[in-house]
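The values are calculated or read from the model by the stated rules, or taken from the named source; none is laboratory data. In this text, all values refer to a predicted model and were calculated from it rather than measured experimentally. Heads up, the Cβs are rebuilt from the backbone with ideal geometry, glycines too, and the neighbour counts pull from every protein chain shown.
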Amino acid sequence: MPILILIVMAIGFAVVNTVATHLLGPGRGGQAKESTYESGMNPFGSARRRFNVRFYILAMTFLVFDVEIIFLYPWAVTYTKMDPGSAEAMLYLGRILFFIGTSVIAYIYAWRKGVFRWD
Amino acid sequence: MRPATLAFELPSFVTAQFVASMVTIFVVLHLALGLAAYFILLERKVCAWVQDRIGPNRVGPLGLLQPIADGLKLFLKEEFMPRGADRTLFILAPALSVIPALIGFVVIPWAGTLDLASIPFLDLSGTVRIVGADVNVGVIYLIATASLGVYGVGLGGWASNNKYSFLGGLRASCQMISYEIPMGLCLLCVILAAGTVRPTEIVGAQLSGQWYLLHQPLAAIIFYTCLLAEANRAPFDLAEAEQELVGGWHTEYSSMKWALFFMAEYVHLFVGSAFFAVLFLGGWSLNPLFGWDVPATGGLATVLLQFGIVLGKVFGLVVLTMMIRWTLPRFRFDQLMRLAWEGMIPVSLLLLLVTSLFVFLGWTHHLWAGSLAALGIILLAHPHMPRQANPNHRVPLIGSRFSPLDDAGTSRS
């Protein structure tokens, strides 16, 4: 409940600021003023051009790891509640090591493929 | 939680805890916004001291009114939108940037438990926690809101129809998502030590035990570095590298929309420092070792003292961040990516492995040895790792066209 109220407050803050500056500030446009900034040169073409595919591959690799980490949080909480050294804890540890191991294999593959090289 | 006795009827959700939460949110929200403005002044002052200058000192005594003047000025500035910009996204991006920053702090425990009986003039009983919302997945909520900030940056860069903004937005989103992984892994090491994801319980564990900075020093260092990268602070401010990209993703922004981006950055800094203080510096704990500590429950004076301690730690971390900014040079983008993917992620995976082994063996009080063991493994394994060619070729001066001597050995010129 307090979180919801805070979210509403935050959205209100953002909206009020954006609207207020729109109303208060002067609005004198112009051909040159509305052009994009390209260090004083005449802008050419659109900025929405093709970009390096590495960003895309990296985002996919990130997705794999991020989803994996999300699964690790509940595991960490349950795992610490167990008796250290018990057979159950051993089972949990083994399972999660297998789980991490599968994505580590993918990670090593990506590393050897040069996904993380940007030079 | 027992609702406090009140004279008139209130909706059922208005309990004493709810009122305390709203008061906390109200105070901290205004504190965060005010501090964001004053952190900018502090940043300029720290910069000035580092560079042996005076810094802003014209507006008010010691320049203390500078943030207010800046804010008023920004409201009255003209806002414009470049041709070809995506109107909706262009307006939406600053809001998307500042909203996640502002909603994050709600789960951070700013002080301990307040005993309502100690408040004068009100006939109340029971206790309330001084936290916006004491949710049981608080840590995950915090890291989720922190990572939502990437939308504002990415969309702002995309919507501007400017090549600098576009590249800046791409770089920023790439950097933020890359550094989120080691951050999450280090967080897991803390959760393994604490056994809970509720921030108040993490602080409680550090009140009765040691700070997790001592338990998990390596995780603390990696987490702090990732915090800098997440907040786009130098030396990780690739996204707004002035020499290469003018202003990065906010090149085309002006007036209060520009200020919202900056407010988001400094609120992120504030919340991130508070997060670090809660996770590794024991929240309002004063004693890093076992033994005496600030009581967790107390009257108004105790709660204010606890709040002051948390704010003091946050302030110290923020000044440290600013000193780092004005001391270290900026990374190059390939170095930044290699640090995250080929440095921090393997190290934090190893740290997670070592920590879970230690927990399995029941050595939870000796986790610092786990950090040492991880460091030892890295030092032993590093020379045997497969190498890739170093991109930084060094061209020998003698014999090159930059050599002051020609091939015969006589001086050019």
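Numbers for the structure displayed
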| read-out | value |
| --- | --- |
| Residue, farthest from the chain's Cα centre (by Cα), within the range B:37-48, restricted to residues that are closer than 17 Å to B:ALA234 by Cα and either touching a residue at least 60 places away in the same chain (Cβ under 8 Å) or surrounded by fewer than 18 Cβ atoms within 10 Å (Cβ to Cβ) (or both) | B:ALA48 |
| Test: residue in the range B:56-79 that is within 30 Å of A:MET1 (Cα to Cα), surrounded by fewer than 20 Cβ atoms within 10 Å (Cβ to Cβ) and modelled with pLDDT of 80 or more | no |
| Tally, over the range B:198-208, of residues that are surrounded by 23 or more Cβ atoms within 10 Å (Cβ to Cβ) and either acidic (Asp, Glu) or over 14 Å from B:VAL131 (Cβ atoms) (or both) | 1 |
| Those residues of the range B:253-277 which are among the polar types (S, T, N, Q) and farther than 17 Å from B:PRO100 by Cβ, in sequence order | B:SER254, B:SER255 |
| Odd one out for B:THR196 among (1) modelled with pLDDT under 80; (2) not in a helix (DSSP H, G or I) | (1) |
| Residue pairs meeting the criteria (Cβ under 9 Å; at least 6 apart or on separate chains; first within 9 Å of another protein chain (Cβ to nearest Cβ) and within 24 Å of B:ALA172 (Cβ to Cβ), in the range B:333-357; second assigned to a helix (DSSP H, G or I) and charged (D, E, K, R)) | B:PHE333/B:ARG171; B:LEU336/B:ARG171; B:MET337/A:ARG54 |
| Helices (runs of 4 or more DSSP H) contained entirely in the range A:1-116, each with at least 3 residues that are more than 9 Å from chain B (Cβ to nearest Cβ) and at pLDDT 85 or above | A:53-80, A:87-113 |
| Subset of the range B:173-206 (residues that are aliphatic (A, V, I, L, M), over 18 Å from A:ILE96 (Cα atoms) and either in contact with a strand residue (DSSP E or B) (Cβ under 7 Å, 6 or more places away or on another chain) or facing chain A (nearest Cβ under 10 Å) (or both)) | B:MET176, B:ILE177, B:MET183, B:ALA194, B:VAL197, B:VAL203 |
| Residue within the range B:320-331 that is in contact with a Leu (Cβ under 6 Å, 6 or more places away or on another chain), buried (at least 18 other Cβ atoms within 10 Å of the Cβ) and modelled with pLDDT under 85 present | no |
| Criterion: within 13 Å of another protein chain (Cβ to nearest Cβ), among the hydrophobic types (A, V, I, L, M, F, W, C) and within 28 Å of B:LEU328 (Cα to Cα) - qualifying residue of B:ILE108, B:ILE54, B:ILE91, B:ILE143 | B:ILE143 |
| Test: residue in the range B:230-238 that is within 30 Å of B:ALA93 (Cβ to Cβ) and touching a His at 6+ places or on another chain (Cβ under 6 Å) | yes |
| Residue match in the range B:120-130 (condition: among the β-branched types (Val, Ile, Thr) and part of a loop (DSSP other than H, G, I, E, B)) | no |
